[in-house]
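Quick note: the coordinates plus some simple rules give every number you see, no bench work behind them. Since this is a predicted model, take the numbers as computed values, not measurements. Neighbour counts are summed over all protein chains in view; Cβ atoms, including those assigned to glycine, are modelled from backbone coordinates with ideal geometry.
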Amino acid sequence: MTTPNDGPLIVLVDDDVDVCMATARLLRTYGYRVQPYASGLSAIAAVDTRHADVIVSDLRMPALGGLALCQRLRREGVTVPFVFITAYDEPGLSDKFAALGHVELLPKPLAADALVAAIDRAIAAGRGGQTAE
Amino acid sequence: MRRVRLAWLFTLLLVGSRVPVEAQRVVAADGLLQRRWTIADGLPQSSVTELVRDDDGFVWGATFGGLFRFDGERFEVFDLARLPEMQGNAVSALALSGDGGLWVGTLDGVVVKLRDDRIERSLPSAPLGARPVETLFEAPDGTLWAWLGTALASYRDGAWRVWSDRPSPIRRSVGLMRLRDGRVLATGPDGVVEVTARGLFPHRPEHAELRQPALVAREDRAGRLWIGLRPGALLVDGAHVRRIDGVGAVNSIVEDAAGDVWLAGDAGIHRLRGGAAGDLRPERVDADVGIVQAMLITDDGVLLAGSFGQGLLGLRPRPMRRIGHAEGLPDAQIGSLAPDGAGGVWAVSGCAELVHVDVTPRLRETVSLATRDSACVLSLARDAHGHLWAGQAGRIVRRTPDGGLRTWALPTTVGGEPAVPRPLVPIGDSMLVGLNDGRLAIATDSSVAPLAGWAPPVTRPVTSLLVGRDGTIWVGFPGLLVRWRAGRMTRYGPEHGVPSGQLRVLREGDGGLWLGSYGGGLVWLHQDSSRVIRLGLPDASLSGVAEDSAGNFWLLQNRGITVVTRAMRQDWLSGRARRVDLRLFSASEGVAEGNNGSPAVSEIGDGWFAFGTVDGLVLARPADLEGTDEPKSARLEIVRPERTAAWPAGIIPLGTTNRSIDARIVAPFFSAPGTVRTRYRIDPRDDDWNYIGDQRLFQVAALDAGTHTLRAEWRVFGGDWHALPPMRIEVAARWYETTAARLLGVVIVVLGAWALISRRLAQLQARNRALQEEIRFRREAAEAMHRHRRELAHVGRVALAGELTATLAHEMGQPLAAMVNNAEAARRLLEQGRTPVAEIGDVLREIVAQGTRASEVIRGLRRFLRRETSGRERIVVRDMLAEVAALARGDALEADVEVEVRVEPGTADILGERVLLQQVLLNLVTNAVDAAADRPQRLVLVRARPSGNGVRFTVADTGPGIPQGRRAQLFDAFVTEKAAGLGLGLSIAKRIVDAHEAVLQVSRAPGGGAAFSFRIATA
């Protein structure tokens, strides 16, 4: 279950390389396959983003932020669940996610348990969604 | 009755003028210069019946329009208006008195004596009734003799005595004169009679010819008696009486300084050359003068003739000699000249005829150099052997004194034309030749060869040549002067002030070089400094220059010959002279327009110079012309105010109303009145003389009260100054110029000054108070400014706090998140127990790095905050912008706007208040981020680039931009709209930028958004 080659695929997007690598390293210890990207633009250009089990993305990034990344994938018809991480406490933000399918918002600094729990919920929701189709 | 007699008299004279004269020689006016004065010149009437010369040299004349005094320059008229004692203006007789007075008789029979311009006495009427006073004469014993009509009368001791009175066949011009032995002669109906206290006796009774009616008698210097008849004249020479015919009726006889005797009357003026020593053949002077009634010769040799109806005529010898066509020259147009070495001159007459003339002037011989192709002689020169060289187109001809001719052909010009050898300048026994294409050649006994080393600077005709004293060769061209010395050529052109006309004359002098040009006048060149001074000549055409032994220049010009004295030149060059004082010999002096010979002027020895003109060869010896003739006397006359008898001698009293004086210098000078120069000064008012040139009249105005001295001096051109007796001017004081008034004035001035000073003091005090107020205000303003700064900094800090909160969350959040994640990962790896130690080590190293990074953030923040109080400092632009970008990152991320910082290469450090500038930039960036949010393209560019001696900061966005109309109010509007929240108001930003002596500008960014920019000076 914990082999990196057959676990759920997580696409991780964070413009802070340090944070991105640390988070990837952490998630791998949970048995996920992790594909990190350092910007929204590189993430959206990648094919595996469309096939990931879940996309974990920083919300604020230059050029293409997490929300924009999500919106553009949704317009493509990609329904991969999103887990957003944000350092800012922004009330009302979750209202914007209503039309974006499964989206979770996690505040920084985040606890590993909370992240993994959110990822698992998202995977489950994604599979459920796919099943429903 | 008088009028009838007068008319009859004139009729007789008119008839007499038509008396045919015998065949006679006519003297062309050529030998004499004529000048006529008429009523247009101030003569009171056109007929002058009598002329006398007083002891001072002034000429007095009688007309029927009054009496005049003439000094060669102007006529001072004495008529009835001025001398009412004359009772009429018809003056008919004049006679000098032994006491310096002048006897004046009129047609109305009045006899008065004029002295110092006033009637000194009036004689009682003669017992004959009113008869015209025909002649007056004062005998040495003081007896006044008079012809009163047909009566000879005398006046002595208050009584008239009539000696003879009978009808006369001649009616007029009966004379009285004194012989040197003291006897008095009368000429009249009975011929020449001796007048004595005992009665009348025939003079030289042995000569029957002397008994015929006579008009006038004159004794010459040799004691011979000349008698004017009607018609003809007699010469009583010892025992012989000789008759002279062909001269008409003779009214007047004079003898000049040269011994010629002049007879004048109703057939004009005749000259008997040599007087009694001559052949007694009268030469009629070709002067349009009609009937001459009186003549005299002035002290300076001018013959004045009073005519009937044609004014006053002056005849004088030409000051310069001239020889022309009438004297035998083939052509009066004279070209080039060369001395003959024996006091004469060779000259080109017309085209190719050479004439040899002496200074008599007389034509000695003529040599023709005419050729079949009519090549005119264009230049002449004489070499050291006495050979005469002549230049013609294509050749040079040399003539030896024995008449041998030798010819050298010249090579053609560069353009294939015949070379024109002009000018020719002798160098020893060779001849330096200038050609018309700029070449120079040397002609020697054997050949004509190009001058070695000379390359023409221009292909233009050489117009003048000079071999300087130091061997320098000077070459003149039109508008160009070339110095050629030791193979080196120096050019002087118009840029140096060289005149643009043909340089005709080159002459060393006055420490430089004089250049004479045809059209450009005379200029002086100092060759080392290239300084050029132009002499202000009224005639800029110059054909030639001669320098006499006194160093004076004699310039041959279009207007004639102009003399520039050496002193004049030196005064001009030194800047002392304010205007050029020149003496001109023009056509009225018998000098025609100068010609263009090469040379046109030649020194021919013994002080003589020859000048070539278009009408004759003029010969002059300057020493004979200048400085010898000058007025015999001169005086200062006060014209206004009019002199009264109350004036003490030498004093001019002036009243309080009119304080000006018109004064005139009068000097009897008839030969060259225009050469008299005058100057005056008022001491102690004037520092220097007032030069009035050839003016004689001057006005002294606006004199102050008190005593002044008027000094006047005169001289003839080139001569020495002569002082006239000074006159004292006493100007009466006006009431306010009196001592009492002045004392009062002083008191008033002192009081006024005191009042002014008091007022000024009060003003100063007020000003002082105002200054103190201003200082206080400035101090307060400065304090307010400080306060404002502090407030501004505070505002900045408050704004910063909000910004920092957002930024810290991000800046600190990231490393913390990374650390937490890394630490969690490491913990789990250790728990799973299968992880290599190396991987755990990597994770831990990253945690350390991220902690360090967080510390860096904190440290940077502290550094940033510490700088708030540091004032202006040197700022590294890149660092400052990095911090700004970091601060703005929160907003930018949130709005999904990319902030790009670009620092152009070459951007220097700036000097400014770092925190405030960062606030400005932060404000601009956050505004820009706001503007760019929700736009298709969301980009903010923060740019710094070198600009002049500063750095220009630009913050541009991709927002909607700011409409043109709103830009002006932008800085105000934003204060109210965005005072709170993130960022400072734009107005505060503007004030910070202002405080950095910069301007915050807003413009349109390339993409349509807004661009804010300002420039900060480099450190």
Given chain B, longest segment not containing exposed loop chymotrypsin sites (Phe, Trp or Tyr not before Pro) (DSSP; at most 15 other Cβ within 10 Å): B:1-688
Most positive-pole-ward Cα, B:Val564, B:Val915, B:Ala998, against dipole of chain B from beta carbon charges: B:Val915
Loop-located trypsin sites (Lys or Arg not before Pro) in region B:624-673 whose Cβ has at most 16 other Cβ within 10 Å (DSSP): B:Lys632, B:Arg643
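With the alpha-carbon atoms as the only input, what is the per residue convex hull volume for the protein assembly as shown in Å³?
Numbers: hull volume 404.0 nm³, N = 1152.
Dividing the Cα hull volume of the protein assembly as shown by its residue count gives 351 Å³.
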With at most 11 neighbouring Cβ atoms within 10 Å, loop GluC sites (Glu not before Pro) (DSSP) excluded, longest segment of chain B: B:207-641
Lys/Arg +1, Asp/Glu -1 at C-beta; the protein assembly as shown dipole; positive extreme among B:Gly66, B:Trp37, B:Pro673: B:Gly66
Pairwise FRET efficiency - B:Ser758 versus B:Gln1001, Cβ, R0 = 56 Å, nearest 0.05: 0.50
HN-Hα J in Hz across region B:348-361 - Karplus 6.51, -1.76, 1.60, θ = phi - 60°, x for Gly and Pro: 7, 10, x, 8, 10, 8, 9, 10, 10, 10, 9, 7, 3, x
Computed lengthening from B:Ala159 to B:Arg828, 0.36 nm per intervening residue step minus Cα-Cα distance: 223.5 nm
Neighbour-count order for B:Leu388, B:Leu921, fewest beta carbons within 10 angstrom listed first: B:Leu388, B:Leu921
Lysine pairs in the protein assembly as shown with Cα atoms under 27 Å, if 8 or more residues apart or on separate chains: 4
Gain on full stretching of the segment that runs from B:Ala370 to B:Ala342 - 0.36 nm per residue minus C-alpha separation: 7.6 nm
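Where nothing but the Cβ of Lys and Arg (+1) and of Asp and Glu (-1) is charged, how large is the charge dipole of the protein assembly as shown around its Cα centre, in debye to the nearest 20?
1260 debye
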Euclidean distance of C-alpha centroids, region B:704-767 and region B:282-324, integer Å: 54 Å
0 to 90° range, to nearest 10: angle between helix B:877-895 axis and chain B longest Cα axis: 50 degrees
Theoretical FRET efficiency, 1/(1+(r/R0)^6), r = Cβ-Cβ of B:Arg531 and B:Arg211, R0 60 Å, to 0.05: 0.15
Total formal charge among the other residues, if their Cβ is under 10 angstrom from that of A:Val34, Lys/Arg +1 and Asp/Glu -1: +3
With Cα atoms, 0 to 90° folded angle of helix B:837-866 axis to chain B main axis: 40 degrees
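How much length is gained on full extension from B:Arg640 to B:Ala849, taking 0.36 nm per residue of separation minus their Cα-Cα distance?
Numbers: separation 209, 0.36 × 209 = 75.24 nm, distance 11.63 nm.
Length gained between B:Arg640 and B:Ala849: 63.6 nm.
For the protein assembly as shown, what is the calculated [θ] at 222 nm in deg cm²/dmol (nearest 500), taking -39500 (n - 2.57) for each run of four or more DSSP H residues and dividing by its residue count?
Per the formula, -8000 deg cm²/dmol.
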Pair B:Asp687, B:Arg488: separation of 7 Å Cα→Cβ label points (nm): 4.3 nm
Cβ-Cβ FRET estimate between B:Arg576 and B:Glu495, R0 fixed at 25 Å, reported to 0.05: 0.35
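Would you tally the net charge around B:Pro456, using a Cβ to Cβ cut-off of less than 11 Å, leaving B:Pro456 out, and scoring K and R as +1, D and E as -1?
Numbers: positive: B:Arg439, B:Arg460; negative: B:Asp437.
Result for the neighbourhood of B:Pro456: +1.
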Charged-residue dipole, Cβ positions (Lys, Arg, Asp, Glu), chain B about Cα centre, Debye nearest 20: 2140 debye
Simple spin-label estimate for A:Asp113 and B:Arg362 in nanometres, 7 Å along Cα-Cβ: 15.7 nm
Alpha carbon convex hull of chain B, projected area averaged over orientations, nm²: 79.7 nm²
Gap separating the Cα centres of region B:532-590 and region B:79-107, nearest whole Å: 45 Å
B:Val746 versus B:Glu904: modelled label distance in nm, points set 7 Å from Cα along the beta carbon direction: 7.7 nm
